[in-house]
1. Restricting to segment 4-23, give me the number of residues that are assigned to a strand (DSSP E or B) and over 16 Å from residue 130 (Cβ atoms).
2. Restricting the first residue to segment 1-24 and requiring it to be of a type in the set (Phe, Trp, Tyr), which pairs with a second residue that is in a strand (DSSP E or B) and buried (at least 19 other Cβ atoms within 10 Å of the Cβ) meet a Cβ separation below 7 Å and a spacing of at least six or different chains?
3. Can we say residue 26 is among the basic types (Lys, Arg) and either assigned to a helix (DSSP H, G or I) or at pLDDT below 90 (or both)?
4. Under the condition of being among the charged types (D, E, K, R) and surrounded by fewer than 18 Cβ atoms within 10 Å (Cβ to Cβ), which residue from segment 90-136 is farthest from residue 70 (Cα to Cα)?
5. So which of 150, 138 ends up being within 30 Å of residue 12 (Cβ to Cβ), in contact with a helix residue (DSSP H, G or I) (Cβ under 7 Å, 6 or more places away or on another chain), part of a helix (DSSP H, G or I) and modelled with pLDDT of 85 or more?
6. Could we say that residue 86 is surrounded by 16 or more Cβ atoms within 10 Å (Cβ to Cβ) and among the hydrophobic types (A, V, I, L, M, F, W, C) here?
7. Sort out which residues of segment 30-41 are in contact with a helix residue (DSSP H, G or I) (Cβ under 7 Å, 6 or more places away or on another chain) and either more than 22 Å from residue 118 (Cβ to Cβ) or part of a strand (DSSP E or B) (or both), and write them in order of number.
8. Of everything in segment 137-148, what is surrounded by 13 or more Cβ atoms within 10 Å (Cβ to Cβ) and under 20 Å from the mean Cα position of the chain (by Cα)? Give them in sequence order.
Amino acid sequence: MRRRLYFVLPDFDSARKTANDLLLARIEDRHMHFLGRRGTDLGELHEAGVAHKSDLVHGGELCAAVGGGLGLLAGVLLLLSPPGDFQPRLAVILATTLGGVLLGFWIGSLIGASIPNSRLAQFAGDMERGAILLMVDVPRQRIEEIRELVARRHPEAVARGMEPTVPAFP
């Protein structure tokens, strides 16, 4: 299980040096996600993807739950009052619920992809001033080690908290 640590770095050079130190500490590049203001060239740094920048995952999860509930309701209504000669079975409830979850996730992720990540709103001011946000996913047992490494080697970096869990996707 990994935890996501957030650090605000003042500029590109600081971000590059921090990334190199984390690589030397055996944190893989794929676990480091950098984000700056729109149009910032991050060079060789691993830029945060769409799933990090937007509410794609949150929107998908939320709408999947709503779609599943509506699908369940539709399945129960079909079972209780079948149309015409149709004789539904219990599998109809499963099918409509699953269909609702899938359709809800798809619609929610499409909507969420166009909305900025609400978890990153607290960093927007820093990034507009030219700072670079580092999101690094570390194993739970290495949290303090990585925090101390960044604090010791990069006093200009500001630790800005930790997300309790890192979603499996992304």
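1. As a first pass, look at segment 4-23 and keep what is assigned to a strand (DSSP E or B): 4-9.
Remaining after also requiring over 16 Å from residue 130 (Cβ atoms): 4-6.
Going through segment 4-23 one residue at a time, the tally reaches 3.
2. Close Cβ pairs satisfying both conditions: 6/133; 6/135; 7/134; 12/132.
3. Here the answer is no, as residue 26 does not meet what is asked.
4. Across segment 90-136, the extreme among qualifying residues is 129.
5. The match here is 150.
6. Numbers: surrounded by 16 or more Cβ atoms within 10 Å (Cβ to Cβ): no; among the hydrophobic types (A, V, I, L, M, F, W, C): yes.
Criteria not met by residue 86.
7. Answer for segment 30-41, where residues must be in contact with a helix residue (DSSP H, G or I) (Cβ under 7 Å, 6 or more places away or on another chain) and either more than 22 Å from residue 118 (Cβ to Cβ) or part of a strand (DSSP E or B) (or both): 32, 33, 34, 35.
8. Residues satisfying the conditions are 137, 138, 139, 143.
The values are calculated or read from the model by the stated rules, or taken from the named source; none is laboratory data. All of these numbers come straight from a predicted model, not from anything done at the bench. So basically every Cβ, Gly included, is an ideal-geometry build from the backbone, and we count neighbours across all protein chains shown.
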